[in-house]
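The values are calculated or read from the model by the stated rules, or taken from the named source; none is laboratory data. Keep in mind the model is a prediction, meaning the values are calculated, not measured. Quick reminder, even Gly has a Cβ in these numbers, built from the backbone with ideal geometry, and neighbours come from all protein chains shown. What goes into the accessible areas is simple: the full protein's heavy atoms, side chains included, and nothing from ligands, DNA or RNA. Shrake-Rupley method; radii C 1.70, N 1.55, O 1.52, S 1.80 Å.
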Amino acid sequence: TRLAKLRSRAFFAQQCRCIYCHLPIWEGPYKDRLVSALGIPESLVPYLQSTAEHLVAQQEGGPDVPVNIAAACWWCNWKRHAHRHNCAPDPVTFQAEVQRLMAAKRWHPAARWVSKSLPGCAGQSVPA
């Protein structure tokens, strides 16, 4: 689909990292490579799945166009939109809050397993 292609483009443009928490993320066939590189428990892997994040939310009229689609881990995408009907926080404010909570080790359940020094796209071949 068009949205999947836009997500994949953002995924590689962001060096396979979430736009908000900056943790490594995976999509499609890269799941096993990321798990192997990180040694992360299988139960936490879904939280690092790449999702198409509408910077201007769809419910607020955000279109499926390249400048409006970023790659975010499932956890951050869900947290930005959970219980916020028509009022997701703006992406810049949300990213700052996520980074503050990451620094305090109070945000992402997979954070303790993932070193931020790990290069993006760990074990993942970036398409040419």
- Figure the gain on full extension for Trp113 and His83 (residue separation times 0.36 nm, minus the Cα-Cα span) and round it to one decimal in nm. 8.0 nm
- Query: Using +1 on the beta carbon of Lys and Arg, -1 on that of Asp and Glu, and nothing else charged, what's the dipole of the chain about the Cα centre, debye to 20?
  - Reply: 240
- With runs of 4+ DSSP H residues as the only contributors, calculate the mean residue ellipticity of the chain at 222 nm using -39,500 (n - 2.57) per run, divided by the residue total and rounded to the nearest 500. -9500 deg cm²/dmol
- Task: Return the ratio Rg/(2.2 N^0.38 Å) for the chain, where Rg is computed over Cα atoms only.
- Result: 1.01
- Once normalised by the length of the chain, the mean sequence separation of its alpha carbon contacts under 8 Å that are 6 or more apart gives a contact order in percent of 35
- Regression test value, accessible area per residue of the range 11-57, probe 1.4 Å, units Å², expected 40
- Once the dipole of the range 20-123 is set up with Lys and Arg at +1 and Asp and Glu at -1 on Cβ about the Cα centre, which of Trp74, Gly28, Ala110 lies farthest towards its positive end? Ala110
- Per GNM of the chain with C-alpha springs under 10 angstrom, the most fluctuating residue out of Leu101, Leu48, Leu23 is Leu101
- Item | Carbon/sulfur fraction of accessible area - the chain, other protein chains in place, 1.4 Å, % | 56
